[in-house]
Amino acid sequence: MMANGKTNHTKPPESKRIYLWTIPRSISTAFERCFVGLNNAHVEHEPYCTAYFFGPDSNNRSLAPFLPTEYDYSYQNVKTRLEEDYPGKNIIFCKDHAFSLGGRYEMMATGFTHTILIRDPVKTMSSFHRIANKPKLLSWSIHTILPDGLAYKDLYDLEVHVRTKLGQNVTIIDADDLVRYPEQMIRRYCDAVGIPFQLEMLDWDSCVNVTKSWSRTLRLLQFLGGIYDRALTSTSFHKEKAEKKEDVSDLPDEVLEAVKICQPYYDQLYQKRIIPEDRETEV
């Protein structure tokens, strides 16, 4: 009711729904933290990934039989939850892995602007190899956890689907650009998806309980393997992660073979990425 006694029929702004699709070990959880600290944002962490590995529709339960089945994470339940209204929140942000859809594009939540985060396969595959071989994770390997295209083909295929079937131009960012030029890249990302940039996106509080809204299994994986440790304890992006070069000669054959599979898909997506201003004038 307004002061003059008339009812205010001003409609609240509609929520902007943003999906970030990526691959494992891509600094995507750190990017997710740009949104976790925003008071007007609701953030979802890898719901389809939970469905893929631990949900009732999963064909991958043998990979971690010691972890509980997440009965609330059927693909249909995830889709329905993502399409719900979240009162008081005008940004709905979700981060996930494209391979976790398993080609079930009909299960993609509607109403989202789709975006992609990529990273050099040498960095992702070497990092994934180190994580997967932690003793508490049963000595998993790249090929036992990831599908045939090792997540990059799934990301490439999803970009094609969103562009050709949904009619969206997919905003693509590269992890090295993000950590070298965080403000430029986040500003450009916000502009591309139609939300205002906020300075809080550049620095975040490491004490915030980011995992409280995660599925039980992902919280347990973090507890057992510490796979998100760096992202959860960080307070900003670190440029040295972009500058650091992996010594390819020291990488095991499994990693080198994986990089060879991923590289063509990465290269094609890389050509479509948002370019930071500092690189636009580079020769």
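Applying the set (1) open to solvent by 20 Å² or more (accessible area, probe 1.4 Å); (2) at negative phi to GLY167 leaves exactly one unmet item: (2). I'm trying to understand the selection: among the residues of the stretch 51-78, which are among the hydrophobic types (A, V, I, L, M, F, W, C), closer than 23 Å to HIS143 by Cα and open to solvent by less than 30 Å² (accessible area, probe 1.4 Å)? Across the stretch 51-78, the qualifying residues are ALA51, PHE53, PHE54, ALA64, LEU67. Among the numbered conditions (1) modelled with pLDDT of 95 or more; (2) under 16 Å from the mean Cα position of the chain (by Cα), tell me where LEU146 comes up short. Going through (1) modelled with pLDDT of 95 or more; (2) under 16 Å from the mean Cα position of the chain (by Cα) one by one, LEU146 breaks only (1). Count of the stretch 134-164 residues, restricted to those that are within 26 Å of GLY225 (Cβ to Cβ), open to solvent by 10 Å² or more (accessible area, probe 1.4 Å), touching a residue at least 40 places away in the same chain (Cβ under 8 Å) and not in a loop (DSSP other than H, G, I, E, B), is 6.
Within the stretch 166-183, being among the hydrophobic types (A, V, I, L, M, F, W, C), part of a helix (DSSP H, G or I) and under 12 Å from ASP120 (Cα atoms) holds for one residue alone: ALA175. Taking the criterion of being under 25 Å from LEU220 (Cα atoms), out of contact with any strand residue (DSSP E or B) (no Cβ under 6 Å at 6 or more places or on another chain) and among the basic types (Lys, Arg), would at least one residue in the stretch 89-107 satisfy it? No, there is no match, as no residue in the stretch 89-107 is under 25 Å from LEU220 (Cα atoms), out of contact with any strand residue (DSSP E or B) (no Cβ under 6 Å at 6 or more places or on another chain) and among the basic types (Lys, Arg).
Being among the small types (Gly, Ala, Ser) and within 21 Å of VAL193 (Cα to Cα) is the filter here, so list the residues in the stretch 50-94 that pass it.
Start the filter on the stretch 50-94 by keeping residues that are among the small types (Gly, Ala, Ser), which leaves 51, 55, 58, 62, 64, 74, 88.
Passing the criteria: only GLY88.
Scanning the stretch 170-199 for residues that are open to solvent by 70 Å² or more (accessible area, probe 1.4 Å) and farther than 19 Å from ARG17 by Cα gives GLU183, LEU199. Scanning the stretch 190-220 for residues that are part of a helix (DSSP H, G or I), among the aliphatic types (A, V, I, L, M) and touching a residue at least 40 places away in the same chain (Cβ under 8 Å) gives ALA192, VAL193, MET201, VAL210, LEU218, LEU220.
The values are calculated or read from the model by the stated rules, or taken from the named source; none is laboratory data. Just so we're clear, the structure is a prediction, and the values are computed from it rather than from any experiment. Note that we place each Cβ from the backbone using ideal geometry, even for glycine, and neighbour counts take in every protein chain shown. In case anyone asks, the SASA skips ligands and DNA or RNA and just uses the protein heavy atoms, side chains included. Shrake-Rupley method; radii C 1.70, N 1.55, O 1.52, S 1.80 Å.
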